[in-house]
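Read-outs throughout are calculated quantities, based only on the coordinates presented, and are distinct from any laboratory measurement. Values in this document were obtained by computation on a predicted structure and should not be read as measured data. FYI the Cβ positions are ideal-geometry reconstructions off the backbone, even for glycines, and counts take in every protein chain you see.
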Amino acid sequence: MELGLWFPILRTTLQEGDTVDIKVVPLKESEMRPVPTGNYGFGKTMTNRMFTQYYSSDKGWHDATIGPYGPFSLEPATSVFHYAQEIFEGTKAYRLTDGNINLFRPWENMKRFNNSARRMAMPNVDEEEHLEAIIQLISMDQEWTPSQPGSALYIRPTMIATEPFLGVHASSNYLHFVILSPVGAYFAEGFNPVPVHISHEYRRAVKGGTGAAKTGGNYAASLLAGADAKEKGYSQVLWLDAIEGRFIEEVGAMNICFVYGDDHIVTPPLTGSILPGVTRDSVIKLGRHLGYQVTEEMVDVNDLLADIQSGKISEVFGCGTAAVIAPVGKFGYRDEEYIVNNYEVGPVAKHLYQQLTDIQYGRILDPFDWTLTIKVD
Ligand SMILES: *Cc1c(COP(=O)(O)O)cnc(C)c1O
């Protein structure tokens, strides 16, 4: 199916003639939890329903179902527990002032899900069915998309290897599922710069490895460096390339951008070990549309630090779905500190954050047809 077919149609529920076949299991009274009030935090509460679908080498994908959210029962020998054959996605749904709900570039996440699947030797999902499942699930649990300023519904598609077998090979069975979680504003106390530790000890990903795939193992590999940075008083880790330990790759689980002067945005090119973020791509396209010069260039950590000290670099910010734009206030590297822009949020970060969130929440016209609106009755 042509992806363009979804735009600009407002989707409600499945339409006549749709080929996807998702079984709906109704919730029991006891499974209908009320939507919590107050601050959601991030990823702590799941909605009432989830989507599940199974794969076996003989049947392919089957049993697409939307039913109550709840635990899986898996044998201890299940391959994902041992060899981490797993992928996931992360995107958000935004409540509009008219009550409808926006998805932001969901086609990009869907394509990336299948690219990650390929890298991890997992089967691709049917793109139409995957997106339809997400739309259906959000519609059925629509009251869980919050409307407080800055809040959203986080969408987490996942695929795991489920063959109960201890041998090392690609699994013959998989489980694909989608869960939803209402999330509060990322910057609860306003849009604030964060301190970032440049790790000279740990590496996240290497060219030829799995850094460009959204797979759990990359995160497991990053946790110790994250804990180490926290202990030193930093909230994120800046990752350098694994071969020379010189070129900047990413910050935490976000891509990174540098502002030279007042209108030149630089981000490292996708060389194979960097995760191709949807927000990164949006910053490049929207940045150019707004009149900034945006280039993809390798940045040497020594140049970065010198350019911060000389003031050539005026701003640094991370970009990713969770925070959208996360300004960096300072870097710590080998016991030295480098303050960026007086530890203040700069005008470019502010401008991009405002424009991107205005598009996501439907407050301004979307110049790129990036949003898909789910109509809520
Ligand atoms: C998900 C992710 C990003 C950001 O991607 P978005 O699509 O913008 O949310 C960046 N880096 C890593 C390592 C990630 O896992």
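Take every Cα pair under 8 Å in segment 9-184 that's 6+ residues apart, average their separations, divide by the length, and report that relative contact order as a whole percent. Don't skip to the end; give the middle numbers.
Values: 318 pairs, mean separation 57.7, N = 176.
For segment 9-184, the relative contact order is 33 percent.
Taking 0.36 nm per residue of separation and subtracting the Cα-Cα distance, what length does fully extending ASP300 through SER30 add?
Working: separation 270, 0.36 × 270 = 97.20 nm, distance 5.64 nm.
Between ASP300 and SER30, full extension yields an extra 91.6 nm.
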Taking 8 Å as the Cα distance limit and 6 or more residues as the minimum spacing, I'd like the relative contact order of the chain as a percentage.
19 percent
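How large is the direction-averaged shadow of the alpha-carbon convex hull of the chain, in nm²? Spell out each step's value before the answer.
Details: hull surface 78.2 nm².
Average of the hull's projected areas for the chain equals 19.5 nm².
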Once Lys and Arg get +1 and Asp and Glu get -1 on their Cβ, which of VAL316, GLY287, GLY346 lies farthest toward the positive end of the dipole of segment 266-362?
GLY287
Choice from MET122, MET159, MET32 showing the highest fluctuation, given a GNM over the chain with Cα pairs closer than 10 Å
MET32
Could you list, bin by bin from short to long, the percent of Cα-Cα pairs of segment 194-360 in 5 Å steps?
2, 9, 19, 24, 22, 15, 8, 2, 0
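R0 = 22 Å: FRET efficiency of LEU74 with VAL206, Cβ-based, nearest 0.05? Provide the component values of the computation, followed by the final result.
Values: r = 30 Å, r/R0 = 1.38.
Approximately 0.15, to the nearest 0.05.
Can you tally the net charge around HIS62? Count Lys and Arg as +1, Asp and Glu as -1, for every other residue whose Cβ sits under 13 Å from the Cβ of HIS62. Before the final figure, lay out each step's value.
Values: positive: LYS23, LYS59; negative: ASP21, ASP58, ASP63, ASP126, GLU129.
Charge balance in the 13 Å sphere: -3.
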Per DSSP helix of 4 or more residues, -39500 (n - 2.57); summed, then divided by the residues of the chain. What does that give at 222 nm, rounded to the nearest 500?
-7000 deg cm²/dmol
From the phi of every residue in segment 21-35, what ³J(HN,Hα) in whole Hz does the Karplus formula 6.51 cos²θ - 1.76 cosθ + 1.60 yield, where θ is phi - 60° and glycine or proline is x?
10, 10, 7, 10, 9, x, 7, 7, 3, 5, 8, 8, 7, x, 5
Please list, in chain and number order, the residues 5+ apart from ILE313 or on another chain whose amide H is under 5 Å from its amide H, with Hs placed from the backbone.
ILE308
Would you look at the GNM of the chain, springs on alpha carbons closer than 10 Å, and say which of ILE66, ILE364, ILE313 moves the most?
ILE364
May I ask you to list the lysines whose Cα is less than 23 Å away from that of LYS214, ignoring any residue fewer than eight positions away on the same chain?
LYS44, LYS92, LYS111, LYS285
Take GLU231, project a point 7 Å from its Cα along the Cβ direction, then tell me which residues of segment 181-209 have their backbone nitrogen under 17 Å from it.
197-203
Based on Cβ point charges of +1 for Lys and Arg and -1 for Asp and Glu, what charge dipole magnitude is obtained for segment 194-360 about its Cα centre, in debye rounded to the nearest 20?
460 debye
Under a 5 Å amide H to amide H cut-off, with H placed in plane at 1.01 Å, what residues pair with LYS207 once short-range neighbours are removed?
ALA242
